[in-house]
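Notes follow the structure.
The values are calculated or read from the model by the stated rules, or taken from the named source; none is laboratory data. These figures come from a predicted structure and were not determined experimentally. Glycine gets a Cβ as well: all are built from the backbone with ideal geometry, and neighbour counts include every protein chain shown.
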Amino acid sequence: MQKDIFDRTISFLLGASWAIIFFGSIITFKTFLILGLGLSIFITILFIIISLLMVLALDAFAINREKLVEMKKQTKILENIYNSEN
């Protein structure tokens, strides 16, 4: 099955988001380590939570797109059934 441009874009953004979470958490931890270990861990966890919300939003876009495609298929089937009865 060939993906359209929307699916490829969402897949790319999901991969980039996971890379940002991984490398961003390391950079955030090392940046704030000079202020103390506890604060650095807290800010890193906060960064990870906010970044995961971005991943969830992108995943919601992908799921809603799949839902739209399925609803279009169902509508077409229902229209065929309605037209065959008349």
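Okay, here's what the table says:
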| quantity | calculated |
| --- | --- |
| Qualifying residue in the stretch 27-50 (condition: more than 13 Å from the chain's Cα centre (by Cα) and charged (D, E, K, R)) | yes |
| Any hit, the stretch 44-59, residues being in a helix (DSSP H, G or I), out of contact with any helix residue (DSSP H, G or I) (no Cβ under 8 Å at 6 or more places or on another chain) and surrounded by 13 or more Cβ atoms within 10 Å (Cβ to Cβ) | yes |
| Qualifying residue in the stretch 31-47 (condition: in contact with a Gly (Cβ under 7 Å, 6 or more places away or on another chain) and at pLDDT 95 or above) | yes |
| Cβ-Cβ under 9 Å pairs, at least 6 apart or on other chains, the stretch 61-86 side under 30 Å from residue 9 (Cα atoms), far side hydroxyl-bearing (Ser, Thr, Tyr) | 62/11 |
| Residue match in the stretch 64-82 (condition: out of contact with any Leu (no Cβ under 7 Å at 6 or more places or on another chain), of a type in the set (Ser, Thr, Tyr), part of a helix (DSSP H, G or I) and surrounded by fewer than 11 Cβ atoms within 10 Å (Cβ to Cβ)) | yes |
| Unique match (being at pLDDT below 90, at negative phi and not β-branched (Val, Ile, Thr)) among 86, 80 | 86 |
